[in-house]
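Input: a single structure, listed below in structure tokens.
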Amino acid sequence: MKHLRILSLVLFVLHCNTSPTGRKQIILVSDGEMNEMGTQAFDDLKSKTPIDSRNNTNSYVKCIVDSELGVTTDTTGVDSWEVIVFKDNTPNAFALPGGKIGVFTGMFSVAKNKDQLAAVIGHEIGHVIARHGNERVSQNQLASGSVKLLETLGKPTVAGALGMGAKFGVLLPFSRQHESEADLIGLEIMAKAGFDPRESVNLWKNMSALGGGKPNELLSTHPSDETRMKQLNQAMPKAMALFESALQSGKKPNCVM
């Protein structure tokens, strides 16, 4: 009987929730609870990771974030976003429910200009506004047969479900579907904000050049670099139209480091 109730709830939710690309989603957790989880995870990271307080790096990242948030409709109940640059050589960035964005200094050597970094940040914002973390947590609830979130998830699992990466004990990484969707959402965000969407492909060329013995796509939770570039190129005509429209309307972010 319990499982029938859960199944009924899932079927109902599937008819009510869609991602920004129109994909049906299982969303069982309130935005408020997800935002609380994201804030707690972010505060925990800030207490353990050195923060880069330099004006040039912080103003550079904030300029990109503000430009992209200015063209983004966030329906998750976040009024303002907190942006932190962390001193870490890992080429990584993330965004969490609750309006939290982290960029590691190691990303600056891979995202070589403002447009490439905008592709990274737009992708991470895409995860949040598409409620990908909520989907992962909801799937965990279904697997455990529980609707009591905080009783079923420990801190490592929360970090993973929110997409903070393997370094933070990820147990539920974003799926290939989520990654591809965030790529396309981020491409649209950066183009609308006046960043050159063609640089998203160059970003992944840079990422591919890092090597590192990446697993075969079929064995990985992420699309291969080649697949990502192909999907981005397929979506480029629409993105370029948005970019040209943004330029004509005067959007040309002057973000420098």
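Beta carbons within 10 angstrom, averaged per residue: use that to sort the peptides 245-256, 28-39, highest first. All intermediate terms of the calculation are to be shown ahead of the outcome.
Details: 245-256: 13.0, 28-39: 18.4.
Descending mean neighbour count gives 28-39, 245-256.
Considering only DSSP beta bridges whose two residues both sit in segment 58-129, what percent are antiparallel, to the nearest 5?
45 percent
Efficiency by 1/(1 + (r/R0)^6): what FRET value for residue 112 and residue 79, r their Cβ-Cβ distance, R0 = 45 Å, to the nearest 0.05?
Rounded to the nearest 0.05, the efficiency is 0.85.
Starting from the 7 Å offset along Cα-to-Cβ, what nm value, one decimal, do you get for the label separation of residue 33 and residue 227?
Result: 3.1 nm between the two label points.
Under a point spin-label approximation (7 Å from Cα along Cα-to-Cβ), what is the residue 210-residue 23 distance to one decimal in nm?
2.2 nm
Contour minus end-to-end for residue 240 and residue 177, with contour as 0.36 nm per residue of separation and end-to-end as the Cα-Cα distance?
Gain in length upon complete extension: 20.4 nm.
With respect to the cross-link table entries 100/238; 112/252; 24/238; 46/87; 87/251; 62/252, which display a Cα-Cα separation exceeding 20 Å?
Cα-Cα > 20 Å for 100/238; 24/238; 87/251; rest within.
Quick check on packing: order 50-59, 98-107, 118-127 by the mean number of other C-beta atoms within 10 Å, highest mean leading.
118-127, 98-107, 50-59
Every number here is computed from the coordinates shown, using simple stated rules; none is lab data. These numbers come from a predicted model, not from an experiment. Reconstructed Cβ throughout: ideal geometry from the backbone, glycine too, with neighbour counts over all protein chains shown.
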